[in-house]
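See below for the structure under consideration.
The values are calculated or read from the model by the stated rules, or taken from the named source; none is laboratory data. Please read these numbers as outputs of a predicted model, since none were measured by experiment. Here the Cβ is made from the backbone with ideal geometry for all residues, glycine too, and neighbour counts use every protein chain on show. We work out accessible area using only protein heavy atoms, side chains counted, and drop any ligands, DNA or RNA first. Shrake-Rupley method; radii C 1.70, N 1.55, O 1.52, S 1.80 Å.
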Amino acid sequence: MPTAMDIYKLLPKKNCGECKVPTCLAFAMQLANQKAALEACPYVSPEAKAALEESGAPPIRLVTVGVGDFAVKIGDETQLFRHDKTFYHPTVLGFMADDADGLDAMKTKISAAQSMSFERVGQMIRVDSVVLRHSTGKPEDFLEAVKEAAGAKLPIVLMTEDPKVMGEAVALCPGKRPLLYRATPQNHDAMIGLAKSCCFPLVIGGASSLDELAQISDKAKKAGVSDIILEPHTSGASSMLENLTVIRRAAVKKKFRPLGYPTISVLGNSDLDLMRAALGVMKYSSIVLMKDVPREFLFSLMALRQNIFTDPQVPIQVKPGLYTIGEPSEKSPILLTTNFSLTYFTVRADAEKSKVPVWLLVVDTDGQSVMTAFAAGKLTPESVAKAVETEKVKEKNKRGDIVIPGMVSRMSGKLNELTGLKIIVGPRESSGLPKMLKSLGG
Ligand code: SF4
């Protein structure tokens with residue numbers, strides 16, 4: 001963001017107050033703090049407006065692929081390192097359906113991409129796009145698959161370097177805002193023209209260097225194509241990491257506009273490609289597209305993505321309260337845990353394995369795990385006693401006992417004193433819960 005002084009230099013300096021602020025300098029300060037909109041001043045020249053919009057734009061452009069509920073947003077990142085703040089827009093993962101495999105195989109993959117999802121720590125994770133690739137197969141198969149995918153509930157990536165075939169594919173999915181892959185040094189004039197006419201985002205790649213990539217992206221921008229995704233050249237994992245890092249650094253630290261766009265990595269399914277996919281999720285691919293990836297790897301990649309794209313300063317939490325597992329009665333055991341999501345879902349999953357109905361008392365620890373919360377004084381006999389009272393635990397459960405995590409056995413005496421409940425020290429790891437719960441019954 002420009003400073004208040006930078007903005008002030010571009011304002012009309014009439015001090016007329018029509019912007020509802022007494023002076024131009026005060027208005028500049030409000031703009032710098034994002035408390036006012038430039039439109040409030042009727043006297044800003046078009047040149048100053050363009051300059052201010054350009055200097056106030058995020059270092060990496062926010063690009064949307066798809067429309068409505070099924071759109072994905074990428075870019076608009078401001079950090080090099082996740083621990084400095086957070087990464088905002090998770091890497092989009094896409095499955096490739098290639099016309100070299102025939103139309104039926106393409107349709108099967110389109111269908112599989114839509115159904116691939118799972119729940120982890122309370123969040124639904126899924127494949128975010130379907131990629132239709134025209135390689136060695138018949139263009140008719142590719143175009144037929146585009147028609148099929150146009151009805152899918154996922155953003156589409158259209159993959160061909162033939163501008164004619166791309167033009168026909170674009171005509172089959174009006175209003176779907178697919179990503180066009182890709183403009184290269186050989187075809188970029190035609191591809192840029194196509195992207196401009198349909199206003200769809202465009203991948204630029206195939207360049208032999210980052211300099212050439214920047215030149216083509218600059219050309220596209222000047223031609224009126226703003227939604228650009230960059231695909232740097234790579235020859236292996238180390239060059240992939242190097243180029244993606246150079247692009248991120250040039251955008252975030254140097255504000256170098258021709259490289260200030262999201263990035264894409266297109267991979268196969270070799271062991272090296274799988275490793276590069278994980279690398280891309282960590283640093284700094286906005287989109288990773290793969291072909292025929294083993295399901296178990298894909299799920300691991302999704303879990304990695306979830307971990308990378310959470311705010312490191314805000315633990316994922318569940319709501320504190322008394323949860324049920326199965327249909328517990330007044331004879332069912334009560335387990336104690338904290339509201340750190342990973343802890344909660346791990347304990348819950350292990351308790352479910354026992355098939356014994358239980359109550360799960362989740363204490364508010366600001367999203368910290370058991371040992372961290374205990375060490376920080378957020379999981380104390382007093383806080384547990386308060387939760388027992390608030391949740392009316394003794395009314396719902398007549399056993400008169402509670403199972404606490406083995407790692408906080410030291411709170412047993414005081415907790416018994418405060419609640420009157422018999423304290424059962426549970427296993428140190430929740431994986432020991434099924435055995436214990438079966439012995440407790442309920
Ligand atoms: Fe200055 Fe424009 Fe505000 Fe008038 S309306 S005070 S010219 S910023």
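Looking at Glu389, is it closer than 18 Å to Leu322 by Cβ and either open to solvent by 60 Å² or more (accessible area, probe 1.4 Å) or not assigned by TED's automatic domain parsing to the domain that holds Lys331 (or both)?
Working: closer than 18 Å to Leu322 by Cβ: yes; either open to solvent by 60 Å² or more (accessible area, probe 1.4 Å) or not assigned by TED's automatic domain parsing to the domain that holds Lys331 (or both): yes.
Criteria met by Glu389.
Out of (1) assigned by TED's automatic domain parsing to the domain that holds Lys73; (2) touching a helix residue (DSSP H, G or I) at 6+ places or on another chain (Cβ under 7 Å), the odd one out for Gly268 is which?
Of everything listed in (1) assigned by TED's automatic domain parsing to the domain that holds Lys73; (2) touching a helix residue (DSSP H, G or I) at 6+ places or on another chain (Cβ under 7 Å), Gly268 misses just condition (2).
Restricting to the stretch 33-72, name every residue that is within 13 Å of the ligand (Cβ to nearest atom) and part of a helix (DSSP H, G or I). Lay out the reasoning, then the answer.
Residues of the stretch 33-72 that are within 13 Å of the ligand (Cβ to nearest atom), as a first pass: 36-45, 48-49, 52.
Leu38, Glu39, Ala40, Ala48, Lys49, Leu52, listed by residue number.
Quick check on my filter: what residues within the stretch 117-142 are at pLDDT 95 or above and surrounded by fewer than 18 Cβ atoms within 10 Å (Cβ to Cβ)?
Those that are at pLDDT 95 or above and surrounded by fewer than 18 Cβ atoms within 10 Å (Cβ to Cβ): none in the stretch 117-142.
Does Ala112 fit the bill of being assigned to a helix (DSSP H, G or I) and at pLDDT below 90?
Working: assigned to a helix (DSSP H, G or I): yes; at pLDDT below 90: yes.
Criteria met by Ala112.
Kindly check whether there is at least one residue in the stretch 166-175 that is in a loop (DSSP other than H, G, I, E, B) and open to solvent by less than 20 Å² (accessible area, probe 1.4 Å).
Narrowing the stretch 166-175 to residues in a loop (DSSP other than H, G, I, E, B): 173-175.
From what's left, open to solvent by less than 20 Å² (accessible area, probe 1.4 Å): 173.
Within the stretch 166-175, one or more residues are in a loop (DSSP other than H, G, I, E, B) and open to solvent by less than 20 Å² (accessible area, probe 1.4 Å).
Determine whether the stretch 393-403 contains at least one residue that is modelled with pLDDT of 95 or more and in contact with a Gly (Cβ under 6 Å, 6 or more places away or on another chain).
Yes, because at least one residue in the stretch 393-403 is modelled with pLDDT of 95 or more and in contact with a Gly (Cβ under 6 Å, 6 or more places away or on another chain).
Could you tell me how many of the residues in the stretch 46-55 are open to solvent by less than 70 Å² (accessible area, probe 1.4 Å) and in contact with a helix residue (DSSP H, G or I) (Cβ under 8 Å, 6 or more places away or on another chain)?
Residues in the stretch 46-55 being open to solvent by less than 70 Å² (accessible area, probe 1.4 Å) and in contact with a helix residue (DSSP H, G or I) (Cβ under 8 Å, 6 or more places away or on another chain): 4 in total.
So which of Gly94, Gly68, Gly75 is within 21 Å of Cys198 (Cβ to Cβ) and open to solvent by 60 Å² or more (accessible area, probe 1.4 Å)?
Gly68
Could you check the stretch 1-20 and list, in sequence order, the residues that are within 41 Å of the chain's Cα centre (by Cα) and more than 6 Å from the ligand (Cβ to nearest atom)?
Result: Met1, Pro2, Thr3, Ala4, Met5, Asp6, Ile7, Tyr8, Lys9, Leu10, Lys20.
Applying the selection to the stretch 422-442, what residues are in contact with a helix residue (DSSP H, G or I) (Cβ under 7 Å, 6 or more places away or on another chain), assigned to a loop (DSSP other than H, G, I, E, B) and touching a residue at least 24 places away in the same chain (Cβ under 8 Å)?
Across the stretch 422-442, the qualifying residue is only Gly426.
Tally up the residues in the stretch 63-89 that are free of Cβ contacts under 8 Å to residues at least 40 places away in the same chain and within 15 Å of Ser286 (Cβ to Cβ), please.
Number satisfying all stated conditions: 2.
Just to be sure I understand the filter: pairs with C-beta atoms under 9 Å, separated by 6 or more residues or on different chains, first member in the stretch 1-17 and closer than 22 Å to Arg257 by Cβ, second member open to solvent by 80 Å² or more (accessible area, probe 1.4 Å) and more than 10 Å from the ligand (Cβ to nearest atom). Which pairs pass?
Sorted first by the residue in the stretch 1-17, then by its partner, the pairs are Met1/Gln34; Ile7/Met29; Leu10/Glu47.
Looking at Lys147, is it at pLDDT 90 or above, farther than 30 Å from Gln306 by Cβ and open to solvent by 20 Å² or more (accessible area, probe 1.4 Å)?
Working: at pLDDT 90 or above: yes; farther than 30 Å from Gln306 by Cβ: yes; open to solvent by 20 Å² or more (accessible area, probe 1.4 Å): yes.
Criteria met by Lys147.
Of everything in the stretch 269-285 that's outside any helix (DSSP H, G or I) and open to solvent by 30 Å² or more (accessible area, probe 1.4 Å), which residue is modelled with the highest pLDDT?
Here is the first cut: in the stretch 269-285, the ones outside any helix (DSSP H, G or I) are 269-270, 283-285.
Filter once more, keeping what is open to solvent by 30 Å² or more (accessible area, probe 1.4 Å): 269-270, 283.
Numbers: Asn269: 85, Ser270: 89, Lys283: 95.
Once the filter is applied, the top-ranked residue is Lys283.
Which members of the stretch 286-331 meet the condition of being open to solvent by less than 40 Å² (accessible area, probe 1.4 Å) and within 21 Å of Val363 (Cβ to Cβ)?
Val318, Gly321, Leu322, Ile325, Pro328
Please count how many residues of the stretch 223-264 are in a loop (DSSP other than H, G, I, E, B), open to solvent by 20 Å² or more (accessible area, probe 1.4 Å) and aliphatic (A, V, I, L, M).
1
Select, from Thr346, Thr419, the only residue that is open to solvent by 30 Å² or more (accessible area, probe 1.4 Å) and of a type in the set (Val, Ile, Thr).
On the way: Thr419 fails: open to solvent by 30 Å² or more (accessible area, probe 1.4 Å).
When all the criteria are applied, what remains is Thr346.
Would you point out the residue of the stretch 1-36, among those that are hydrophobic (A, V, I, L, M, F, W, C) and open to solvent by 50 Å² or more (accessible area, probe 1.4 Å), that is farthest from Glu77 (Cα to Cα)? Break it down stepwise before answering.
Applying the first criterion (hydrophobic (A, V, I, L, M, F, W, C)) to the stretch 1-36 yields 1, 4-5, 7, 10-11, 16, 19, 21, 24-29, 31-32, 36.
Narrowing further to those that are open to solvent by 50 Å² or more (accessible area, probe 1.4 Å): 1, 5, 10, 16, 25, 29.
On the way: Met1: 13, Met5: 25, Leu10: 27, Cys16: 37, Leu25: 29, Met29: 24 Å.
Here the answer is Cys16.
Note down all Cβ pairs under 9 Å where the first residue falls in the stretch 366-383 and is open to solvent by 60 Å² or more (accessible area, probe 1.4 Å), the second is modelled with pLDDT under 95 and aromatic (Phe, Trp, Tyr), and they're at least six residues apart or on different chains.
Asp366/Phe340; Thr372/Phe340
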